[in-house]
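Everything below concerns the one structure shown next.
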Amino acid sequence: MRSTDSFPDRYGKNSYALVTGGTDGIGLAYCKELAKLGFNIIIVSRSLDKLANSKAELEKLCPGRDVRTVQFDFNEHQSIDAYKTRIMEHIKDLDISLLIQNAGYAETGPFKDVPMEEHQRLMNVNCVPASLLTKLLLDKMRARAKNGIRSGMIFLSSVAAVAPMPGFQTYSATKVYNDFLAKGLWFENKACIDVMSHRPAYTSTKMTGLRESLTVVSPEASVKAALPDLPYENETYGPLVHEATGWFMRKLNELVPGFINNKLFQMSKKIWAKNQKKK
Ligand SMILES: NC(=O)c1ccc[n+]([C@@H]2O[C@H](COP(=O)([O-])OP(=O)(O)OC[C@H]3O[C@@H](n4cnc5c(N)ncnc54)[C@H](OP(=O)(O)O)[C@@H]3O)[C@@H](O)[C@H]2O)c1
């Protein structure tokens, strides 16, 4: 049975885990799990009040951990200069061992109807930090190997990367981006960094608005099942039920081409129409 017991020795005691979008859902669950293992935490996220609340929650959960927060809106700032001055400047002296590229959100609707600005925003938030923040941290994380310790990176992809998703096209394409980025980085850096793509299926977070059920898991359950795979795999779905969802979607797409596409497209049209009425 895999566990995270080896993580402090493997990645370095008292080092920092940087989690983007760590104020809610899956990102917050990563922060809690890593803080419990002894890692100090840096959260890079958008809302100041949520950053303060998450910091307080983590400090209460794990007294003694250093919890830093960096307010940064990945949609508002996309220049390399902004990443350097508004993020890196605040964390340049910290020993960062783990990077969880989690910030993200979804938008649904027929491609022709979703406004251009929304497609742009999805790429700004779901893709740009995955490449830029990694590039800015990579050399330092690789250099830790000189002291005999490894580093780790997790990229939040999705089961949406398994098959094309009409009605969620730009979102699912951004999740393929995260998945491919993780796997390329895994190959290039496997001598010193563990890199993994985490591909959750439905999880009960603000992004989905879903309640827990047989197939919808809590963010904590997703993270608890995914994290132990980091030293071993370059891809995980997390809990067994999400592993099964991924397998089922892949098979269905192979055996009945177009079935998933059609179902999702119909569903997205309904969601789009409902959301338009609300506006
Ligand atoms: N939930 C699922 O079913 C599911 C399934 C597959 C993959 N995923 C992936 O898992 C990741 C987390 O999703 P979640 O469901 O946990 O979402 P969530 O509960 O909505 O949390 C998203 C986090 O990202 C932050 N964020 C959003 N926009 C941002 C921006 N422009 N700049 C900086 N931070 C921003 C949010 O901060 P604010 O609160 O300030 O907005 C929040 O901390 C995403 O990448 C998503 O694609 C989720």
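Values in this text are rule-based calculations from the coordinates and carry no lab data. Predicted, not measured: the structure shown is a model, and the values here were computed from it. Note that we place each Cβ from the backbone using ideal geometry, even for glycine, and neighbour counts take in every protein chain shown.
Key figures for this structure:
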| read-out | value |
| --- | --- |
| Looking only at the range 147-161, and only at residues there that are away from the ligand (no atom under 11 Å from the Cβ) and in contact with a helix residue (DSSP H, G or I) (Cβ under 8 Å, 6 or more places away or on another chain), the one that is farthest from Q266 (Cα to Cα) | I149 |
| Residue in the range 6-25 that is of a type in the set (D, E), part of a helix (DSSP H, G or I) and either within 14 Å of the ligand (Cβ to nearest atom) or at positive phi (or both) present | no |
| Selection from the range 209-232 of residues that are touching a residue at least 12 places away in the same chain (Cβ under 8 Å), part of a loop (DSSP other than H, G, I, E, B) and near the ligand (Cβ under 9 Å from one of its atoms) | V216 |
| Within the range 191-208, considering residues that are touching an Asp or Glu at 6+ places or on another chain (Cβ under 7 Å) and of a type outside the set (S, T, Y), the one farthest from the ligand (Cβ to nearest atom) | M196 |
| Qualifying residue in the range 58-71 (condition: within 26 Å of Y202 (Cα to Cα), more than 8 Å from the ligand (Cβ to nearest atom) and small (G, A, S)) | no |
| Hits in the range 208-230 (condition: over 13 Å from the mean Cα position of the chain (by Cα) and surrounded by 16 or more Cβ atoms within 10 Å (Cβ to Cβ)) | V216, V217, S218, E220, A221, K224, A225, P228, D229, L230 |
| Matching entry among E188, E107 (being within 16 Å of the ligand (Cβ to nearest atom) and outside any strand (DSSP E or B)) | E107 |
| Restricting the range 191-207 to residues that are touching a Gly at 6+ places or on another chain (Cβ under 9 Å) and in a loop (DSSP other than H, G, I, E, B), the residue that is surrounded by the fewest Cβ atoms within 10 Å (Cβ to Cβ) | K206 |
| Filtered residues of the range 35-50 (kept if closer than 11 Å to G22 by Cβ and in a strand (DSSP E or B)) | I41, I42, I43, V44, S45 |
| Among residues of the range 27-50, those that are among the acidic types (D, E) and within 13 Å of the ligand (Cβ to nearest atom), counted | 1 |
| Residue within the range 52-62 that is over 24 Å from K140 (Cα atoms), surrounded by fewer than 16 Cβ atoms within 10 Å (Cβ to Cβ) and in contact (Cβ under 8 Å) with a residue 24 or more places away in the chain present | yes |
| Of residues in the range 132-175 being among the polar types (S, T, N, Q) and surrounded by 18 or more Cβ atoms within 10 Å (Cβ to Cβ), the one nearest to the chain's Cα centre (by Cα) | S157 |
| Count of residues meeting criterion [outside any loop (DSSP other than H, G, I, E, B), away from the ligand (no atom under 16 Å from the Cβ) and aliphatic (A, V, I, L, M)] in the range 80-97 | 2 |
